[in-house]
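Beneath this line is the structure, given in structure tokens, with notes to follow.
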Amino acid sequence: MVAEPDWLLLAGFDRYRRPLWLRPSAARARQAMRRAAAADGVVLEAVSGFRSHDYQLGIFERKLARGQTVAQILEVNAAPGYSEHHGGEALDIGTPGEPPAEESFEATPAFAWLAVHAGAHGFAMSYPRGNPHGIVYEPWHWRFAR
Ligand SMILES: [Zn+2]
């Protein structure tokens, strides 16, 4: 179970112009990382930051209504209460012209930049290929852990 944090900071806006909420330390690190990437000519877009337990439940309800089974949904979405996004330190990253949350992100200059520089900003990929959590490879999902 991943608890929701007591404090979140508005970390800017995501690619859909929705407010992006993160824990304060993660929000500051994300801004610094985005600026450093921009200085290298790389655009990092936020796709998703903090998500509440209720929001995650809504994802399940929408997919169930579309006829997916719980097992199918669990292949790509954590159960409500168990997503790293509830903690306010996980960030899904995209780049212009790329669909969100697709494996093809790994072939972008944005991913290449992250692979080299994200660690210096305190971000690590949570679900690399063959991760022990049994979660599909998610090159777009990074977590601030410092
Ligand atoms: Zn994610």
Could you grab me the full set of residues in region 57-91 that are buried (at least 20 other Cβ atoms within 10 Å of the Cβ) and in contact with a Pro (Cβ under 9 Å, 6 or more places away or on another chain)? 86, 88, 89
Right, residue 51: within 16 Å of the ligand (Cβ to nearest atom) and either in a helix (DSSP H, G or I) or within 25 Å of residue 146 (Cβ to Cβ) (or both) or not? yes
Sort out which residues of region 98-137 are touching a helix residue (DSSP H, G or I) at 6+ places or on another chain (Cβ under 8 Å) and among the acidic types (Asp, Glu), and write them in order of number. 98
Check whether at least one residue in region 71-81 is touching a helix residue (DSSP H, G or I) at 6+ places or on another chain (Cβ under 8 Å), more than 11 Å from the ligand (Cβ to nearest atom) and in contact (Cβ under 8 Å) with a residue 60 or more places away in the chain, and report yes or no. yes
Filter region 90-105 for residues that are more than 12 Å from the ligand (Cβ to nearest atom), touching a residue at least 40 places away in the same chain (Cβ under 8 Å) and not polar (S, T, N, Q) and give the result. 96
Working carefully through the options 36, 29, find the one that is of a type in the set (Gly, Ala, Ser), outside any loop (DSSP other than H, G, I, E, B), in contact (Cβ under 8 Å) with a residue 60 or more places away in the chain and buried (at least 17 other Cβ atoms within 10 Å of the Cβ). 29
Determine whether residue 45 is among the acidic types (Asp, Glu), surrounded by 13 or more Cβ atoms within 10 Å (Cβ to Cβ) and either closer than 27 Å to residue 146 by Cβ or modelled with pLDDT under 95 (or both). yes
Restricting attention to region 89-146, which residues are assigned to a loop (DSSP other than H, G, I, E, B) and either among the hydrophobic types (A, V, I, L, M, F, W, C) or on the phi > 0 side of the Ramachandran plot (or both)? 97, 101, 122, 130, 134, 135, 136, 140, 145
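The values are calculated or read from the model by the stated rules, or taken from the named source; none is laboratory data. Bear in mind that the values here come from a model prediction, so they are computed numbers and not experimental data. Glycine gets a Cβ as well: all are built from the backbone with ideal geometry, and neighbour counts include every protein chain shown.
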